[in-house]
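This report refers to the structure that appears directly beneath it.
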Amino acid sequence: MNILVIGNGAREQALAWSILKDNRVQKLYLASGNGGTRELGAIAENIPIKPTDIDALVKFAKEKKIDLTIVGPEQPLELGIANRFEAQGLNIIAPTQEAAQLETSKAFAKAFMRRHNIPTASFVTFTNHHDARTYIERQPTFPIVIKASGLAAGKGVVIAMHKGDALETIHAIFEKRLFGEAGKEIIIEEFMQGEEASVFIITDGTDYKLFPSAQDHKRIGEGDIGKNTGGMGAYAPAPIVTPSVMQKVESRIIQPTLRAMREEGTPYRGFLYIGLMINNGEPKVVEFNARLGDPETQVILPLLKTNFLDLLIATNEGRLNQIDMAVADKVAATVVIASKGYPDNYTVGKVITGQCHFELACYTDVRDDVMIFHAGTKFENGKLYTNGGRVLSVTAVADTLEESLKQCYEAVAQIHFEGAYFRRDIGWRALKKNTVQV
Ligand code: AMP
Ligand code: GLY
């Protein structure tokens, strides 16, 4: 089989790595991939096509007789990559442009959840400054949450602690285009208390399979302070997602969502990421993403015992009900190494030295492993260079979270480049829970 993976982060490296465990793959292309692709072996190749260049991707997939395409990031989904591929008879694991609105339009997602009684924060939608201001003036309590409706690379959310902050925020959105086009429409919603976690599924539109739950670390600073990033580390499973919580997520969120998407004529196929707030065992949706998460993918895929390519093929053929999903009874953690200055300005082109290759032995039942998934890296003239904000994602699988984190940090200590930054406290919430329990 010939496979095309779209994207260039550590998530896409983890997708490619998982697919390549199956020896039916003859060729795997990454558009546009990164410096870690050579670690995937001779059958993997980067192609210089941007994930947003849908015309070129369609042309490439036809020319190279790609049997299956997998999409990592959200931008191609918003551009309708699934519609375009399907119109040409090309197989792709991705929701259509209409179905991807669960992520690409928060106004759509919130209205959908309201229509179908899916638990989420109560909200109001605004398209002009005056109405939003009048609404905020009338609010008796703060904080409230102000969000851009459109895609904003994870940066379109402000938690306004006081009325003054809220008024300043909407002024910046409507008068100074704080969120650009994404902020033409905004959502103001109730602030939810609780702890966040994420649940991921793959679905063929009718049936679905659950991946392990995960917890991300969005802030740049230790102790979850400072600016939001794409994610600085993660672990799976998330202890807060107990079997009882997972059961509620399935019956109150996943099943009604898939059913309603079918009934509304926009069946949802592909990966779905359900960002949750869990308070006293009650889950509510913070957001949907129409894809897998990064860095969560780097912890959920290494736990999978089911053949990942089989799962993708069954999804494509609409027969997920025939697949047994098996997940290892282990814990995976990942630590992201970023360039100094990320998520603001940073420089690229620093030489990376040390142990930066994938553990090709992969994960087996009998030994614990470390995998180094590349993100912002570039391989040139025999050397590896930094080429982005998030540079590497170092994953370990072990029996306990403590052990997997220990292995991650031991591996991280062997990787060097000027200005390398990583959080030393990945997993702190779950570790605190373990301490409380004993
Ligand atoms: P989102 O892009 O919608 O996932 O929001 C980004 C982050 O803002 C989330 O991961 C939460 O930490 C926080 N957040 C968003 N909505 C709410 C809410 N209604 N209540 C509390 N925190 C929220
Ligand atoms: N880790 C958050 C995301 O992928 O959106």
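The values are calculated or read from the model by the stated rules, or taken from the named source; none is laboratory data. Since the model is a prediction, treat every value here as computed from it, not as a measurement. Here the Cβ is made from the backbone with ideal geometry for all residues, glycine too, and neighbour counts use every protein chain on show.
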Would you check if there is a residue in segment 163-171 being within 13 Å of ligand 1 (Cβ to nearest atom), among the hydrophobic types (A, V, I, L, M, F, W, C) and not in a strand (DSSP E or B)? no
For E78, state whether it is under 17 Å from the mean Cα position of the chain (by Cα) and within 20 Å of I254 (Cβ to Cβ). no
I'm trying to understand the selection: among the residues of segment 1-38, which are charged (D, E, K, R) and either closer than 20 Å to I300 by Cα or buried (at least 21 other Cβ atoms within 10 Å of the Cβ) (or both)? R11, E12, K21, D22
Across segment 274-315, what is the total count of residues that are closer than 23 Å to D329 by Cβ, in contact with a Leu (Cβ under 9 Å, 6 or more places away or on another chain) and within 11 Å of ligand 2 (Cβ to nearest atom)? 2
If I92 passes every condition in (1) at pLDDT below 95; (2) within 19 Å of P267 (Cα to Cα); (3) crowded, with 22+ Cβ neighbours inside 10 Å but one, which one does it miss? (1)
Could you list all residues from segment 191-222 that are outside any strand (DSSP E or B) and either within 16 Å of ligand 1 (Cβ to nearest atom) or crowded, with 16+ Cβ neighbours inside 10 Å (or both)? F191, M192, Q193, G194, D204, G205, D207, F211, P212, S213, H217, K218
How many residues are in a loop (DSSP other than H, G, I, E, B) and more than 16 Å from ligand 2 (Cβ to nearest atom) when one looks only at segment 106-150? 15
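Here are some residues: F85, F112, F108. Which one is closer than 21 Å to E317 by Cβ and out of contact with any Phe, Trp or Tyr (no Cβ under 7 Å at 6 or more places or on another chain)? Talk me through it step by step, then tell me what you get.
Values: F112 fails: closer than 21 Å to E317 by Cβ; F108 fails: closer than 21 Å to E317 by Cβ.
So the residue among F85, F112, F108 that is closer than 21 Å to E317 by Cβ and out of contact with any Phe, Trp or Tyr (no Cβ under 7 Å at 6 or more places or on another chain) is F85.
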Residues H129, H116: which one is more than 13 Å from ligand 1 (Cβ to nearest atom), surrounded by fewer than 18 Cβ atoms within 10 Å (Cβ to Cβ) and in contact (Cβ under 8 Å) with a residue 60 or more places away in the chain? H116
Does segment 2-28 hold any residues that are of a type in the set (S, T, N, Q) and in contact (Cβ under 8 Å) with a residue 60 or more places away in the chain, and which are they? N2, N8, Q13, S18
